[in-house]
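The values are calculated or read from the model by the stated rules, or taken from the named source; none is laboratory data. Note that the structure is a prediction, hence the values are computed from the model and not measured. No Cβ is skipped: glycine too gets one built from the backbone with ideal geometry, and neighbour counts run over all protein chains shown.
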């Protein structure tokens, strides 16, 4: 029998603690040996073809990272934090689960963000199957968005430029890949800057700035953006993208020159990536069916 993702949390933490860093693939091999997971159980698969064990290790690792016990400084690699070392060495801790992780503010905030806002806190039995399905879908997308942001922040400036261009093209802006790539370039702070077509014919232009920042973008940056938009670039529409957040004053800033500006923060950026399939792929689809009343009424 395979251990649950929560049962895997402590073994994963202890395993990573024994290494400076370890790949997720190597971690899986070590866990299989340490936990004596039989071959038949290891080969269990989800409907989408992914190994159940791989899926559970992935979820457990995500939760440990969100708690600040593990971190991922390189793609596909896990390393332990000081907080994680303390937990791994504590002989009094014989298990880690979601309830245990709630003591860490970052995990509590993560779980709060993962809950579907339209569904009130209530007993699981009181919710319909469709409500539970929607809540699970919301949680998966929230966690996916957070993982996307981690990937973006660890990627190179060149990759970030490619990501933004592909997203804009997928949304119907920028003309062709060649057109967009020719006019959008990197800036000194790891962001991008340039003019793109608002449509394939280029009847209107949009000024784009994108900043790969973790912090907060304030009003001065937006004011400078609007100034460059209308002055230097001669455009009247602009999109400012950041992987971080916008301050309240930045969000309230209203250009007096009639320019139209859209602010895209890290949360909206990852939502758009999921919506337009940039950096993600379909894993599994569930079709919910209901009775066709017309079919039976025609009798």
Task: Single condition residue 230 does not satisfy, out of (1) more than 28 Å from residue 145 (Cβ to Cβ); (2) in contact (Cβ under 8 Å) with a residue 24 or more places away in the chain; (3) in contact with a helix residue (DSSP H, G or I) (Cβ under 9 Å, 6 or more places away or on another chain) - done: (3)
Task: Conditions (1) closer than 20 Å to residue 107 by Cα; (2) in contact with a strand residue (DSSP E or B) (Cβ under 9 Å, 6 or more places away or on another chain); number of the one not met by residue 60 - done: (2)
Open item on the list: Can you find, within region 121-156, the residue that is modelled with the lowest pLDDT among those that are farther than 21 Å from residue 63 by Cβ and surrounded by 15 or more Cβ atoms within 10 Å (Cβ to Cβ)?
Closed with: 127
- [ ] Filter region 24-33 for residues that are at pLDDT 90 or above and closer than 24 Å to residue 82 by Cα and give the result.
- [x] 26, 27, 28, 30, 31
TODO: Filter the helices (runs of 4 or more DSSP H) completely within region 1-81 down to those with at least 3 residues that are touching a residue at least 12 places away in the same chain (Cβ under 8 Å).
DONE: 9-17, 24-34, 52-66
Task: residue 269, sole failed condition from (1) surrounded by 15 or more Cβ atoms within 10 Å (Cβ to Cβ); (2) at pLDDT 80 or above; (3) out of contact with any strand residue (DSSP E or B) (no Cβ under 8 Å at 6 or more places or on another chain) - done: (3)
Open item on the list: Given (1) part of a helix (DSSP H, G or I); (2) modelled with pLDDT under 90; (3) surrounded by 14 or more Cβ atoms within 10 Å (Cβ to Cβ), identify the lone condition not met by residue 100.
Closed with: (2)
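Okay, residues lined up against (1) at pLDDT 95 or above; (2) over 22 Å from the mean Cα position of the chain (by Cα):
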site	(1), (2)
35	no, yes
41	no, yes
48	no, no
54	no, no
69	yes, no
72	no, no
75	no, no
78	no, no
91	no, yes
